[in-house]
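What follows is a single structure, written as structure tokens, with notes after it.
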Amino acid sequence: MGGSSPLRILVVGAGIAGLAVARALRLAGFRPDVTEKLPPNEQVDGGLFLPGNAARALRRLDLDDPVRPYGQVIHRQRFLDAAGDLLCEVDLDALWAGVGDCRALPRRDLYQVLLSGAGGAVRHGAEISAVELLPGGVGVTFTDGTGGEYDLVIGADGPRSAVRSLAALGGPPRPAGQVVYRTVVRDGPEITDWTALLGQRAGFLVVPIGAGRLYCYADEAGTVAPPDPSARLRELFGSYGGPVPAVLEAIGDDVQVGLTDEVELGRWHRGRVLLVGDAAHATAPTLSQGAAMALEDAVVLAESLQAAGTVEAALVAYESRRRPRTRWVRDRTRDRNRTRDVPPALRDPLLRGRGDRIFREHYRLLVGPL
């Protein structure tokens, strides 16, 4: 179906998943429309860690060169206990050999690369209000009263997807049971590795994203966001060792707080409506696979549309290829979260003995081909 295809395609959502899908479709000869309910420049800033499979997907999207100037390559993961003593290390170059580099960078930089790659044409402020499954198509209505008919509608609108609800593919996401804190620190300590400190049902991660900046991600078990996330960070991690005291000293009041969501669906498509990225398979960000899965989704969807004779056959082929990998990420995420929740007196000796093998195993399927 590729090669200057006349298919009318709508991508709902202009985050990482939506822009990656738009890029992949353009490379395959399609010309999708892209809409986003938020106005321009309201994408949440912060940092991203992209494992080697994300780099491979960017290469398939012909975006590896544009991304290369941003952030920095990360060669090693270090897991420490709450005091700052080493538990284990993972050699990322060895783990992802032949697949791609691991890179940490500002989220905004990746967003700009994807926006340019998608052609830059996004209709902002367009919130979808109705989806109607038609014979051989999809009717879409927006809240401003405009609408149209499409041959394929792709919901890339995140874990709280409107498309998922309107197309009767599933309800709201399920809380994953974590409160997460994110911020970018300048003038912090010098850190070159991905460095995580594991405490009692809580963890603190810091990773360099270039130009002297550090991306900090912390989480704790819970379902209620505190009113003062900056104060809560200091209360929760004030007794930690390693780089944490210096990082906390450099953190200002600009700390984003949120709750993790998990989306698990019986199917990702209905008629000619398809869900991709977090709209279809969101997990807690424990494995840093959210962006990677969205980028992989884009590559496989474009390949499926090119190879199949009909849209319906393409969607079946796409889902059959993607489900095993996203299921693996979900299951390994739950495994790692359970490991984190084991009392340190039991967990830490285990990780000192074979933590590198445990953590490497979490990515075994993802090192393989898409």
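None of the figures in this text is laboratory data; all of them are computed from the coordinates on show. The shown structure was predicted, so the numbers you read here are calculated from the model rather than taken from an experiment. Here the Cβ is made from the backbone with ideal geometry for all residues, glycine too, and neighbour counts use every protein chain on show.
Please give the helix 107-117 orientation as an angle from the longest Cα principal axis of the chain, in degrees from 0 to 90, rounded to the nearest 10.
Roughly 20 degrees, rounded to the nearest 10.
Report the Stokes-Einstein translational diffusion coefficient (µm² s⁻¹, integer) for segment 106-188, Rh taken as the Kirkwood radius over Cα pairs, at 37 °C with viscosity 0.692 mPa s. Intermediate values should be presented prior to the final figure.
Working: Rh = 15.9 Å.
The estimated diffusion coefficient comes to 206 µm²/s.
Specify the inter-centroid distance of segment 8-65 and segment 167-233, based on alpha-carbon positions, in whole Å.
Going from one Cα centre to the other spans 23 Å.
Can you compute the modelled spin-label distance between residue 68 and residue 91, with each label point 7 Å from Cα toward Cβ, in nm?
Between residue 68 and residue 91, the simple spin-label model gives 2.5 nm.
How long are the three semi-axes of the equivalent ellipsoid for segment 182-223, computed from the Cα gyration tensor as the root of 5 times each eigenvalue, in whole Å, largest first?
Those come to 21, 11, 7 Å.
Would you please state the base-10 log of I(q)/I(0) at q = 0.28, 0.29, 0.30, 0.31 1/Å for segment 257-298, with intensities from the Debye formula using one equal scatterer on every alpha carbon?
So the normalised log intensities work out to -1.04, -1.08, -1.11, -1.14.
Quick check: residue separation of residue 130 and residue 256 times 0.36 nm, minus the Cα distance between them. What number comes out in nm?
42.2 nm
What's the exposure ranking of 129, 288, going from fewest to most Cβ atoms within 10 Å? Could you put the intermediate results ahead of the total?
Numbers: 129 13, 288 19.
Least crowded to most crowded, the residues run 129, 288.
Alpha carbon centre of segment 290-331 versus segment 236-274: separation in Å?
Distance between centres, Cα-based: 25 Å.
If each of residue 221 and residue 352 carries a label point 7 Å out from its Cα toward its Cβ, how far apart are those two points in nm?
2.3 nm
For residue 26 and residue 365, FRET efficiency with R0 = 35 Å and r from the beta-carbon atoms, rounded to 0.05?
Numbers: r = 29 Å, r/R0 = 0.82.
Between residue 365 and residue 26 the formula returns 0.75.
Assuming 0.36 nm per residue, please report the length gained on full extension of the stretch residue 59 to residue 312 beyond their Cα-Cα distance.
Full extension from residue 59 to residue 312 adds 88.3 nm.
Antiparallel as a % of all DSSP beta bridges within the chain, to the nearest 5? Mind showing how you got there, number by number?
Numbers: 51 of 68 bridges.
DSSP beta bridges in the chain are roughly 75 percent antiparallel.
What is the helix-to-structure angle for 16-27, meaning the angle in degrees between its Cα long axis and the longest Cα principal axis of the chain, kept from 0 to 90 and rounded to the nearest 10?
The answer is roughly 50 degrees.
Can you put 35, 339, 183 in order of Cβ neighbours within 10 angstrom, beginning with the fewest? Walk me through the numbers on the way to the answer.
Numbers: 35 20, 339 17, 183 24.
With the fewest neighbours first, 35, 339, 183 line up as 339, 35, 183.
Computed on alpha carbon atoms, what radius of gyration and Dmax characterise segment 137-256, expressed in Å?
According to the Cα coordinates of segment 137-256, Rg and Dmax are 20.0, 58 Å.
Restricting things to Cα coordinates, could you compute the convex hull volume per residue of the chain in Å³? Could you put the intermediate results ahead of the total?
On the way: hull volume 46.8 nm³, N = 370.
Convex hull volume per residue, Cα atoms: 126 Å³.
Return the tail of the calculated pair distribution for segment 1-152, meaning the percent of Cα-Cα pairs more than 27 Å apart.
The calculated P(r) of segment 1-152 puts 38 percent of pairs beyond 27 Å.
Grab the DSSP H runs of the chain that are 4 residues or longer, score each as -39,500 (n - 2.57), total them, divide by all residues and round the 222 nm result to the nearest 500 deg cm²/dmol.
That calculation yields -11000 deg cm²/dmol at 222 nm.
Going by how many other Cβ atoms sit within 10 Å of their own, how do 134, 305 line up, fewest first?
Starting with the residue having the fewest Cβ neighbours, the order is 134, 305.
What FRET efficiency, computed as 1/(1 + (r/R0)^6) with R0 = 22 Å and r the Cβ-Cβ distance, is obtained for residue 38 and residue 228, rounded to the nearest 0.05?
Values: r = 26 Å, r/R0 = 1.16.
The calculated FRET efficiency here is 0.30.
Which semi-axes, in whole Å and largest first, does the equivalent ellipsoid of segment 315-370 have when worked out from the alpha carbon gyration tensor as the square roots of 5 times its eigenvalues?
Working through the eigenvalues yields semi-axes of 30, 13, 4 Å.
State the extension gain, in nm to one decimal, for the chain segment bounded by residue 76 and residue 264, taking 0.36 nm per residue of separation less the distance between their alpha-carbons.
Value of the extension gain: 64.6 nm.
Which one of 309, 203, 266 has the biggest mean-square fluctuation once the chain is modelled by GNM with Cα springs under 10 Å?
The residue that fluctuates most here is 266.
Would you mind checking the tilt of helix 311-341 against the longest principal axis of the Cα atoms of the chain, expressed as 0 to 90 degrees and rounded to 10?
It works out to around 10 degrees.
For segment 75-194, what is the percent of antiparallel DSSP beta bridges, rounded to the nearest 5?
95 percent
For segment 205-293, compute Rg over Rh where Rg is the Cα radius of gyration and Rh is the Kirkwood radius from the inverse mean 1/r over Cα pairs.
Computed over Cα atoms, the ratio is 1.08.
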